[in-house]
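Trainee: After the structure tokens below, expect a handful of questions from me.
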Amino acid sequence: MTISELEEEIKQIDEWRELCSRLIKEFMAKEDMQKKIFYAKEIHELTQQRNMLETHREFRRVRISRLKLEEQGF
């Protein structure tokens with residue numbers, strides 16, 4: 001995998017992370033304690049998804065650093 005391919009994947013991951021964050025905020029805004037409307041399950045699942053995406057992003061960032069070092073002969 002090339003650096004540019006990894007950078008493209010990072011961009012896609014960032015878009016998905018942003019979507020997760022927006023959805024989390026939307027679910028939190030829709031909750032109504034008085035009417036007993038809660039979205040804990042959805043919020044939890046989206047938070048888990050966002051955390052997984054962050055891990056995948058970090059893996060790709062480290063891989064890019066490793067490839068750059070290899071290009072420099074290290």
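Trainee: In this structure, is Phe74 outside any helix (DSSP H, G or I) and either of a type in the set (Phe, Trp, Tyr) or open to solvent by 50 Å² or more (accessible area, probe 1.4 Å) (or both)?
Mentor: When the stated conditions are applied, Phe74 passes them.
Trainee: Specify which of the listed residues (Lys35, Lys41) is among the basic types (Lys, Arg) and assigned to a helix (DSSP H, G or I).
Mentor: Lys41
Trainee: Going by what's in this entry, would Lys68 be described as exposed (fewer than 12 other Cβ atoms within 10 Å of the Cβ) and touching a helix residue (DSSP H, G or I) at 6+ places or on another chain (Cβ under 8 Å)?
Mentor: yes
Trainee: Specify the residue that is nearest to Lys68 (Cα to Cα); the eligible residues are those in the range 6-34 that are in contact (Cβ under 8 Å) with a residue 24 or more places away in the chain and aliphatic (A, V, I, L, M).
Mentor: Leu6
Trainee: While we're looking at this one, here's another question. So which residues in the range 13-29 are farther than 9 Å from Leu46 by Cα and more than 9 Å from the chain's Cα centre (by Cα)?
Mentor: Arg22, Lys25, Glu26, Phe27, Met28, Ala29
Trainee: Now, a different point. So which residues in the range 32-45 are more than 23 Å from Trp16 (Cα to Cα) and surrounded by 11 or more Cβ atoms within 10 Å (Cβ to Cβ)?
Mentor: Phe38
Trainee: Got at least one residue in the range 1-21 being surrounded by fewer than 12 Cβ atoms within 10 Å (Cβ to Cβ) and farther than 22 Å from Arg63 by Cβ?
Mentor: Within the range 1-21, none of the residues are surrounded by fewer than 12 Cβ atoms within 10 Å (Cβ to Cβ) and farther than 22 Å from Arg63 by Cβ.
The values are calculated or read from the model by the stated rules, or taken from the named source; none is laboratory data. Keep in mind the model is a prediction, meaning the values are calculated, not measured. Glycine also receives a Cβ, built like all others from the backbone with ideal geometry; neighbour counts cover every protein chain displayed. The protein model used for the area step is the full one, side chains on, heavy atoms only, and it has no ligands, DNA or RNA in it. Shrake-Rupley method; radii C 1.70, N 1.55, O 1.52, S 1.80 Å.
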